[in-house]
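First comes the structure, then the notes that go with it.
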Amino acid sequence: MPSLAIIGAQWGDEGKGKLTDYLDENADLIVRFQGGNNAGHTIIVDGKVFKLHGLPSGVVRPGKLAVIGNGVVVNLEELETEINEVIANGGSIDGLRISDRAHLIMGYHKKLDGAEEKYRGKNNVGTTKKGIGPTYQDKIARIGLRAGDLLEEDLLKEKLSFILPYKKDLMAMMEAEECSCTTESLFDKMMGWKDLIGKNICDTSVLINDALDQGKNIVFEGAQGAMLDIDHGTYPYVTSSATCGGGICTGSGVAPNRIDKVVGIVKAYTTRVGEGPFVSELTGEQGAELQKKGGEFGVTTGRGRRCGWLDLVVCEHASRMCGFTSLGITKIDILNDVPELPVCVAYDIDGEEVKHFPASISKLQRARPVYQTFKGWKGWDDTSAMVKAGYDNLPGEMREYIEFIEKYLKVPADLISLGPDRDETIDRKKDWWN
Ligand code: GDP
Ligand code: IMO
Ligand code: MG
C-alpha cells in the first residue's frame, strides 16, 4: 500500500506538476490535499501542454482516479472551464472525485480577496485574487459552504439565507466590488454546479483509505510550496493552507502512518511570485536573465516571478517541515552555461551566522546571504542527450552541484529533471512503489 507525497520545497512553481505527472504513471489515485485554483501546474505530454489549476494532475492520465481532498478549496464556476479544456486536450474527468467536505470558493470570496489587498495597501500579500484566503477564513469561522451542501438542498438554502446577507454587509463595509446575486439566484447557480459534478462528490477519505487497504498506489499532490505554508512559511506573505507534510493528513483524511515517502521538489535556483522576503533574490540583470531563460512567468496570473540563487536555508526548513525522503531537482538545465553558481548556505543577520530559517520578517529583510560558489558547466544544451547519458555521465560540475544539495539536506536526489516534458527526467531510484 505504498503512498508518495510530492511537495514544493520553495515558494511554489518548482516544477511539481511535471514530476507529479512523471510519478503518476504507476499510481491508481492522485490526490490534491490543499490549496485551490491559485495553483498553476504545467504538464507537457508529447508536446501537448496542460495547465492545471484546480484539477489534480491525474486528469491527464485517463483511467486513474483524480481526487480533490477535503483540504482543497474549490471554485466550481472556474473548474467547469478547466474541465472543458482538459477534455479538449485529451484528458478525462471520468475519474474525478470531490470530497463532500471540500469548501467552495464563491464569487464573494474573490471580491473580498481584492478588497483585503486594497486595505493592506503597500503591505499587500500579492495574492492571486482567486479568493483563497477569504474561503479558508470562512472555513475556520464555520460559515463555509462545502461541496456536500450541494447534495442537501434544504440545508443549502438555510445556510445561504444567513451567509449571503452577512457577506454582503461585509463587502459593503470593505467597499468591495458589489455582488448582485440574491439567495435565490445563488441557489439556482449552485444547482447548476450540482448538475455538473454532483455525481463526483463523495467521502474521499473512505475512498483513499480503502484504496490503501487494497494495496493500490497513491500520489498525494502538493500545491504551492513549503515556504507559503500558513504556519511555517514567510507569514504573512503566505497562502492560507497547510502546504507542508501535516497538510497531507488533515487535507485528505489519512493518518500520518500511511504516508510512505515524501518527495521534495527543489528548483535548482529560487523563484517567488508576489510579495515577501527573498534573501537570495537577484534584483539586477542576472535575475532578469534567469527569469527569461527559465520562462519564469506565473501560470495562474502571468506575473513575472522574482528570481535568485538556490537557497538551502529555505530548503532545509522545508525538508524539516515535510520529512523529505527523496528530492526531485528541477530546471537544472536552465543553469547550463552560467559560469558561477552561488548557493546560499546561511544568512548573516546583524553579524550572526544563522542556519535555520527565522520567523521574523524584519530579520529576513536584514539577512544577507552567505554563499558557497560552485563552478558551472558548459555546452550541455541537448537535453535528450543528457537524459540518455544518464546520471553518471552528466557534467562533473552539475553532479557536484546536485551532490552538494543532497549532502546539505541529507536526502538523496532521486529525480533530476532536465526539461519540461515527462520524458526529460533522470530517475535514479525507479522502485518508487516498493
Ligand atoms: P508547479 O507549480 O510547481 O507545478 O510549476 P509550474 O508549472 O508553475 O512552473 C514550472 C515551469 O517549468 C513550467 O513551465 C514547466 O513546464 C517547467 N519545467 C518543469 N520542470 C522543468 C525542467 O526540469 N526544465 C525546464 N526547462 N523546465 C521545466
Ligand atoms: P503552485 O501550485 C507560486 C502565492 C501568491 C501570493 C501568496 C498568496 O503553482 O506552485 P493566495 O492567492 O494563495 O492567497 O496568494 O501565495 N502563490 C503562489 N506562488 N505558486 C503557486 O502555486 C502559488 N499559489 C499562491 O503569489 O504571493
Ligand atoms: Mg505553478
In nm, to one decimal, how far is the modelled label at GLU152 from the one at GLU340, with both set 7 Å along Cα→Cβ? 6.4 nm
Pop out the carbon and sulfur fraction of the accessible area of the chain as a percent, whole number, probe 1.4 Å. 49 percent
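How long are the semi-axes of the ellipsoid equivalent to the chain, from square roots of 5 times the Cα gyration tensor eigenvalues, in whole Å, largest first?
On the way: eigenvalues 262, 135, 69 Å².
Square roots of five times the eigenvalues give 36, 26, 19 Å.
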Set of lysines near LYS122 by C-alpha distance (under 23 Å), chain-local residues within fewer than 8 positions excluded: LYS110, LYS111, LYS130, LYS363
Could you tell me whether the range 182-265 comes out rounded, prolate or oblate from its Cα gyration tensor? Rule is a ≥ b ≥ c as square roots of the eigenvalues, rounded for a/c under 1.5, then prolate if a/b exceeds b/c, otherwise oblate. oblate
What net charge do the residues around PHE374 carry, taking every other residue with its C-beta under 13 Å from that of PHE374, with Lys and Arg at +1 and Asp and Glu at -1? -1
Mind listing the phi-derived Karplus ³J(HN,Hα) values for the range 148-165, rounded to whole Hz, using 6.51, -1.76 and 1.60 with θ = phi - 60°, and x for any glycine or proline? x, 5, 5, 8, 10, 4, 5, 4, 4, 4, 5, 4, 4, 5, 10, 6, 5, x
Report the charge-dipole magnitude of the range 103-200 in Debye, nearest 20, computed about the Cα centre from +1 at each Lys and Arg Cβ and -1 at each Asp and Glu Cβ. 460 debye
In percent, what relative contact order does the chain have, based on Cα pairs under 8 Å that are 6 or more apart in sequence? 20 percent
If I stretch the segment between TRP433 and GLU352 completely, what's the gain in nm (0.36 nm per residue apart, minus their alpha carbon distance), one decimal? 24.8 nm
Rel. contact order, % - alpha carbon contacts under 8 angstrom, at least six apart, the range 103-200: 32 percent
What's the angle, to the nearest 10 degrees (0 to 90), between helix 76-88's Cα axis and the longest principal axis of the chain? 60 degrees
Going by the alpha-carbon gyration tensor, a ≥ b ≥ c the square roots of its eigenvalues, is the range 127-261 rounded (a/c under 1.5) or, if a/c is not under 1.5, prolate (a/b greater than b/c) versus oblate? oblate
Output wanted: per-residue J couplings in Hz (rounded whole) for the range 32-41, from phi through Karplus 6.51 cos²θ - 1.76 cosθ + 1.60, θ = phi - 60°, x for Gly and Pro. 7, 10, 7, x, x, 8, 6, 6, x, 10
Roughly what % of Cα-Cα distances in the range 103-200 sit above 22 Å, to the whole percent? 29 percent
With +1 at each Lys and Arg Cβ and -1 at each Asp and Glu Cβ, the charge dipole magnitude of the range 164-215 around its Cα centre, to the nearest 20 debye, comes out at 100 debye
The answer for ASP203, listing residues at least 5 apart or on another chain whose modeled amide H is closer than 5 Å to its amide H, is ASP100
Counting only residues 5 or more places away or on other chains, whose amide H sits under 5 Å from the amide H of PHE220 once H atoms are built in the peptide plane? LEU4, ALA5, ILE6, VAL31
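If r is the Cβ-Cβ distance from ARG303 to LYS118 and R0 is 25 Å, what FRET efficiency results, to the nearest 0.05?
That pair, ARG303 with LYS118, gives E of 0.90.
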Any chance you could look up the accessible area of ASP195 with a 1.4 Å probe, heavy atoms only, rounded to 10 Å²? 130 Å²
How much accessible area per residue does the chain have, in Å², with a 1.4 Å probe? 41 Å²
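To the nearest 500 deg cm²/dmol, what mean residue ellipticity at 222 nm is calculated for the chain from DSSP H runs of n ≥ 4 alone, each contributing -39,500 (n - 2.57), summed and divided by the residues?
About -10000 deg cm²/dmol.
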Under 25 Å from the Cα of LYS64, which lysines turn up, not counting those fewer than eight places away in the same chain? LYS16, LYS18, LYS48, LYS51, LYS194, LYS199, LYS216, LYS261, LYS429, LYS430
In the range 179-208, whose amide N lies under 11 Å from the spot 7 Å out along Cα-to-Cβ of GLU80? List them in ranges. 189-197
Can you list residues whose amide H is under 5 Å from ALA413's amide H, if they're 5+ apart or on another chain and H is modeled 1.01 Å from N? LEU327
Phi-derived 3J(HN,Hα) across the range 328-338 with the Karplus relation (6.51, -1.76, 1.60, θ = phi - 60°), rounded Hz, x for Gly and Pro, is x, 9, 10, 6, 5, 5, 5, 8, 3, 6, 8
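Let me know the charge dipole size of the chain about its Cα centre in debye, to the nearest 20, where only the beta-carbon of Lys, Arg (+1) and Asp, Glu (-1) is charged.
480 debye
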How far is it, in nm, from the label point at SER161 to the one at ILE361 when both lie 7 Å from their Cα along the line to the Cβ? 4.2 nm
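Take the Cβ-Cβ distance between ALA288 and ASP231 as r, set R0 to 25 Å, and report the resulting FRET efficiency rounded to the nearest 0.05.
So, using R0 = 25 Å, E works out to roughly 0.15.
The values are calculated or read from the model by the stated rules, or taken from the named source; none is laboratory data. Bear in mind the structure is a predicted one, so any value in this text is a computation, not a measurement. Heads up, the Cβs are rebuilt from the backbone with ideal geometry, glycines too, and the neighbour counts pull from every protein chain shown. We work out accessible area using only protein heavy atoms, side chains counted, and drop any ligands, DNA or RNA first. Shrake-Rupley method; radii C 1.70, N 1.55, O 1.52, S 1.80 Å.
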